[in-house]
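> One structure follows; several queries about it will come next.
Bear in mind these aren't lab numbers, they're just calculated from the coordinates by the rules spelled out. If you're wondering where the values come from, they're calculated on a predicted model, not measured in any experiment. Glycine also receives a Cβ, built like all others from the backbone with ideal geometry; neighbour counts cover every protein chain displayed.
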Amino acid sequence: MKMLVIATQNRNKFKEMKEALRGIPWELKPAYDFPDAPEVVEDGETLEENSLKKAKELSLFTGFSSLADDTGLFVDFLGGQPGIYAARFAGENCTYEDNVRKLLDLLQKAPDGSRGAVFKTVITVYNPGGSFEQVAGEINGTITREARGKNGFGYDPIFLPLGYSRVFAEMTLEEKNRISHRGQAVQKAKDLLKKK
């Protein structure tokens, strides 16, 4: 069976990805199974650049095909912030809770009509030899005034998808994967990987 290395040190994200990619003819391994793998500096200016950089460096290091995603949260009231810096919005080594707290603090004075946000994910599948493909997914929603729910990770407790009454953190993993930005991108990546 072919090996696909998922470029994440995040156990929650690997679990979510593994569930979403079930049924492809590949063995999935997380980057944390390769303890000497290089720490990739995400210095690109777009989700596409960062996703490609992570996938390429991991594939070159392991010799296997790799899949990397980069996700951004673009909030209307903040002119698109935190954008590509969503994971480290509250600073280096910050927690999910730190990021959520900072975003809610910055949106304290934002009226209900201007709390719109878009979650975007870009996935790169990089193959030994240098060929790669990119796919993307996005979902519109709003940022709630307080955290809700116990599931998920990151901004899931405060992101309310358009047309839904529950934030991501109040959904099961299956429900979230069906509609989320990452779920959409992973489904497209799954379709690519089934053909390889």
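> Do the sum for the chain: with -39,500 (n - 2.57) for every DSSP H run of n ≥ 4, divided by all residues, what is the mean residue ellipticity at 222 nm, to the nearest 500 deg cm²/dmol?
Using -39500 (n - 2.57) per qualifying helix, the result is -9000 deg cm²/dmol.
> So how much slack lies between Arg145 and Glu133, counting 0.36 nm per residue of separation and subtracting their Cα-Cα distance, in nm? Spell out each step's value before the answer.
Values: separation 12, 0.36 × 12 = 4.32 nm, distance 3.76 nm.
Here the segment from Arg145 to Glu133 would lengthen by 0.6 nm.
> Just report the Cα centroid separation between the range 52-98 and the range 127-173, whole Å.
If you average the Cα positions of each part, the centres end up 13 Å apart.
> With 21 Å as the limit, write out which pairs from Lys18/Lys176; Lys29/Lys190; Lys18/Lys54; Lys15/Lys196; Lys29/Lys195 have Cα-Cα distances beyond it, or answer none.
On the way: Lys18/Lys176 14 Å; Lys29/Lys190 15 Å; Lys18/Lys54 18 Å; Lys15/Lys196 23 Å; Lys29/Lys195 19 Å.
In this structure, Lys15/Lys196 exceed 21 Å between Cα atoms.
> So how strong a dipole does the range 2-194 carry about its Cα centre when Lys and Arg Cβ are +1 and Asp and Glu Cβ are -1, to the nearest 20 debye? Please report the intermediate quantities before stating the final value.
Numbers: 26 positive and 28 negative charges, 121 e Å.
Result for the range 2-194 is approximately 580 debye, rounded to the nearest 20.
> Using only Cα atoms and rounding to the nearest 10 degrees, what angle (0 to 90) does helix 96-106 make with the longest principal axis of the chain?
For helix 96-106, the angle is close to 40 degrees.
> Right, another one. Work out the FRET efficiency for Lys2 and Tyr32 from their Cβ-Cβ distance, taking R0 = 25 Å, and round it to the nearest 0.05. Write out the running numbers ahead of the final one.
Details: r = 20 Å, r/R0 = 0.80.
With R0 = 25 Å, the Cβ-Cβ based efficiency is 0.80.
> Let me ask something additional. Given N residues in the chain, what is Rg(Cα) / (2.2 N^0.38 Å)? Walk me through the intermediate numbers first.
Working: Rg = 16.6 Å, N = 196, 2.2 N^0.38 = 16.3 Å.
Dividing the Cα Rg of the chain by 2.2 N^0.38 Å gives 1.01.
> Taking the Cα-to-Cβ direction at Lys102 and at Arg88 and moving 7 Å from each Cα, how far apart do the two end points lie in nm?
1.0
> Tilt of helix 11-20 relative to the longest C-alpha principal axis of the chain, in degrees (0 to 90, nearest 10)?
On a 0 to 90 degree scale, this one is about 70.
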